[in-house]
Amino acid sequence: MSIWIIFKLLGSLALLMFGMKSMSEALQKMAGPQLRHVLGAMTTNRFTGMLTGMLVTASVQSSTATTVMTVSFVNAGLLTLAQAISVIMGANIGTTLTAWIMSAGMSFDITSAVYPAFFMGIILIYLKKYRYIGDFLFGLSFLLLGLGTLRVTGTEMNLGENQTLLNFFASFDPTSFWTTLIFLILGGIMTFCVQSSAAVMAITMILCSSGALPIYQGIALVMGENIGTTVTSNLAALSANTQARRAALSHMFFNFFGVFWILFIFRPFVDAVCGLVGYDVTMTKEAAGVQAFMANAAKLSFVLAAFHTCFNVVNTFILIWFVPQIERLVCWVIKPKRVDEEEDFRLHFITAGFMKTPELSVLEAQKEIQSFSERMQRMFDMVRELLTLSSSSNNKKDNKEADFNKLYSRIEKYEGISDNMELEIANYLDSVSNAHLSDDTKGKIRAMLREISELESIGDACFNMARTISRKYNGKEDHFNEKQYEHIYQMMELTMQSLAEMNKLMRGRREGYDVNRTFNIEHEINNFRNQLKSQNINDVNNHEYTYAVGTIYMDLINECEKLGDYVVNVVEARMGIR
């Protein structure tokens, strides 16, 4: 075997993998938001969830993309873990379409058809309006060109005539259970190393259709590919949150269980699939002749695709009835980490290790920003509680000083967390924006960068209020009078309403949100601030309290008004208002 043929084989595999990736990403760009809405809406029970997972995966040609979207919805509370498991089961069926595309590419000479597709693709890319269709055509063409080149290379290598290779495979007893197990493990290791089950499936199809690899060993490699791809996702999910790890584990359990039961009926099941396709398992080269034998072997790529589909369909049919039990099992195996929220600076939804495409990464970032927004509302609630602790003249006598200092420290930690969250999310969005994105996604990233900047400003405003309250509490100034406390609490109540409206928008969809509610609250805050500013000047002139107390009082009122402005900026960014 020459070096040139080896490089041709490796290059065609690389072309195949790149084409698959390009095609998948183009499909996601064309249908991204709609797919996410479908995934969230069509999972009312385990059967619709399974059907949804199957259709979405067949549409985007990526079970990983479907799994990531599913995990995101679980984290956001839009899907239960049980619904997610059923979607992942459907994704395993949907991903078998890839094997059928590859079997067609291995059986027919389709390389001549890809060049017109390349030409159409470049025209559509330059038209810009249809560039995602062009990207899809390029991805599909690369995929088919890679398959066609693999087919030709496999023929050039004369694997069916390579005596060394034939002797190697002949050294394994085809009727032995251990042979099946060895090839199963080999398929898993190859998939884990190559990081692409499609590439290993292509190699298996070449070996089988050339007559070098017996069908039973080839099927065992396909079973190993199913396990290898779940090991990859589980290792990637190690740095992810609890729900992501549970979803990845359920995926691994699904495939391990399928391999377990099929080992007991391996040969009868494979024979049944061969019968469906019309492949003669008993035919030998010596008895039938080389031409008839190779014609029979040419059907093997379809046998592998049919087995892949039948395996996943039957496995899903068995396990779909046990989704609640699978959910309890993965929850028992992977328990949530108990972390003090104030000490937890880790992002919950964005995980560098978990495999994502750029379009889906934006969804992860949106969930993280929602969490950031809710954290800022909790921080403001602590400021209100701090003011209440400082309001009693007998604080120190009643041993409330320790409670005051503890709460102030928590607010200070929240301020540090808000700074870290802004930087981490911004860095993540910056890395995502380096990829080739749709215009819609680019706009979303710009809006999200504005959102996190304004949310961090809300954290700063909360900490400024806490410092003002602490300065007054530890200083020698007089306490606020009853009227001042009443006004501050009224202003804080309006500010809390504004924050609540902001989080309502963050949790829901902007299409159903009335932005005028936020604007109306902001007008109330501004009018109330102006009224209190005028009244404060009169009260100081009338010696109702000192100028120093009046200054601290207005500092708190002004910070509330600033915070309200930041909230409006967040809402405008989310709604797409400039």
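The values are calculated or read from the model by the stated rules, or taken from the named source; none is laboratory data. Because the structure is a prediction, the values reported are computed rather than measured. No Cβ is skipped: glycine too gets one built from the backbone with ideal geometry, and neighbour counts run over all protein chains shown. These area figures cover heavy atoms from the full protein model, side chains too; ligands, DNA and RNA do not enter into them. Shrake-Rupley method; radii C 1.70, N 1.55, O 1.52, S 1.80 Å.
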Burial order of peptide ranges 307-314, 203-210, 116-123 (average beta-carbon count within 10 Å, highest first): 203-210, 307-314, 116-123
Rg/Rg_globular for segment 446-578, with Rg_globular taken as 2.2 N^0.38 Å and Rg from C-alpha atoms: 1.17
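Return the FRET efficiency for the residue pair ARG507, THR388: r is the Cβ-Cβ distance, R0 is 41 Å, and the value is rounded to the nearest 0.05.
0.90
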Förster radius 25 Å - calculated FRET efficiency between MET575 and ASP381 (Cβ-Cβ, nearest 0.05): 0.50
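Extension gain ILE182-PHE264, at 0.36 nm per residue separation less the Cα-Cα distance, in nm?
The span from ILE182 to PHE264 would gain 28.0 nm if fully extended.
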Across LYS128/LYS442; LYS367/LYS406; LYS367/LYS413; LYS29/LYS128, pairs whose alpha-carbon gap is larger than 19 Å: LYS367/LYS406; LYS367/LYS413
Distance cut-off 15 Å, percentage of C-alpha pairs in segment 501-548 lying past it: 61
Residues in segment 120-140 that a label on SER112 would reach, taking backbone N under 19 Å of a point 7 Å out along Cα→Cβ: 120
Sites LYS483 and THR80 - FRET efficiency at Förster radius 56 Å, r taken between beta-carbons, to 0.05: 0.65
Rounded to the nearest 10 Å², the accessible area of LYS400 at probe 1.4 Å: 70
Integer Hz, Karplus 6.51/-1.76/1.60 couplings in order for segment 425-434, x for Gly and Pro: 5, 4, 4, 5, 5, 5, 5, 5, 5, 6
